[in-house]
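The values are calculated or read from the model by the stated rules, or taken from the named source; none is laboratory data. A quick note: this is a predicted structure, and the numbers were derived from the prediction, not measured. Positions of Cβ are backbone-derived with ideal geometry, glycine not excepted, and every protein chain shown enters the neighbour counts. We work out accessible area using only protein heavy atoms, side chains counted, and drop any ligands, DNA or RNA first. Shrake-Rupley method; radii C 1.70, N 1.55, O 1.52, S 1.80 Å.
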Amino acid sequence: MDTRPVGVFDSGLGGLTAIRSLRRILRGEDLIYFGDTARVPYGGRSKETILQYARQDIKFLREFHPKAIVIACGTVSTTSLKELRAENPDLPIIGVTDPVCARAADVTKNKRVGVIATSASIRSGAYEAALKNLDGEIQIFSKACPLFVPLVENGRFRRGDIVIETIAREYLTPLIHAGIDTLILGCTHYPLLSEVLRDICGAGVELVSAGEESAYALKRLLKSRDTLGDPDHNGVTGFYVSDRTEDFENIASVFLGENIHHTARRVDIEKI
Ligand code: DGL
């Protein structure tokens, strides 16, 4: 048994979709969440900047002596995972790309898979490479959705919101016309848009989410290293952000279905 916490980070709120799954799938684990809300979005930035931010995020999480790190951010996973693993050989690090691609390859029947993610993730080609590696017959239809993260961070993700619905329809229409039966939500912010995306895609398209699949991957990893926490413990989550805590707490409370007001702490990530 290993009672050290698991560190989880994202550029902002998106990683909460992984936190929600982790809490369900690994109840006994303590989690430390860091959302880099002062520097979100990462998805339009260069690889060098994303890597530099991710290094600071991991350095901060290392202060808690984690037994593993989940990069609950598609953008960091697709652009920087290799470097971050090489720089932290003592710390198991899980990204979201491989787990969600494995699930999509399993789910698709017509082998036409859509991928929506940030510009940096789509540019990296990581989702395409992972899917092709799993099944060379899969046809991939990708679309960068740069407006989704800022809208989600501003609370504009609900069904009936004309702004998000209009933009989502524009992004998704080419993928629907391509006949996809599976859609990878390749950015961890996107499950907050599930209702809107589902309405547009219809019942014939299965949505698979990067955050959720990474929780299963972490469970397998902890099991294989014999480092699962105490199953009788009720895991707790510590929340840290790099900007105002109030905005984060408001949306996180709604999303997690739990009042987390006055619990998040602010970190000066540039000074880490
Ligand atoms: N949740 C991040 C991801 O999964 C959002 C990236 C961003 O900040 O643009 O890609």
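A few remarks follow.
- Against the list (1) of a type outside the set (Lys, Arg); (2) in contact with a helix residue (DSSP H, G or I) (Cβ under 8 Å, 6 or more places away or on another chain); (3) modelled with pLDDT of 95 or more, the condition residue 152 fails is (3).
- Those residues of segment 43-59 which are surrounded by fewer than 20 Cβ atoms within 10 Å (Cβ to Cβ) and more than 15 Å from the ligand (Cβ to nearest atom), in sequence order: 48, 55, 59
- Restricted to segment 1-20, and to residues there that are surrounded by 24 or more Cβ atoms within 10 Å (Cβ to Cβ) and away from the ligand (no atom under 14 Å from the Cβ), the residue that is farthest from residue 266 (Cα to Cα) is 6.
- Among the residues of segment 120-151, the ones that are farther than 16 Å from residue 40 by Cβ, within 16 Å of the ligand (Cβ to nearest atom) and not in a helix (DSSP H, G or I) come to 4 in all.
- Test: residue in segment 231-247 that is open to solvent by less than 70 Å² (accessible area, probe 1.4 Å), touching a helix residue (DSSP H, G or I) at 6+ places or on another chain (Cβ under 6 Å) and modelled with pLDDT under 95: no
- Matching entry among 76, 40 (being within 10 Å of the ligand (Cβ to nearest atom), assigned to a loop (DSSP other than H, G, I, E, B) and of a type in the set (Val, Ile, Thr)): 40
- Considered as a group, the residues in segment 200-228 that are touching a residue at least 60 places away in the same chain (Cβ under 8 Å), among the small types (Gly, Ala, Ser) and farther than 29 Å from residue 173 by Cβ include one that is least open to solvent (accessible area, probe 1.4 Å), and that residue is 215.
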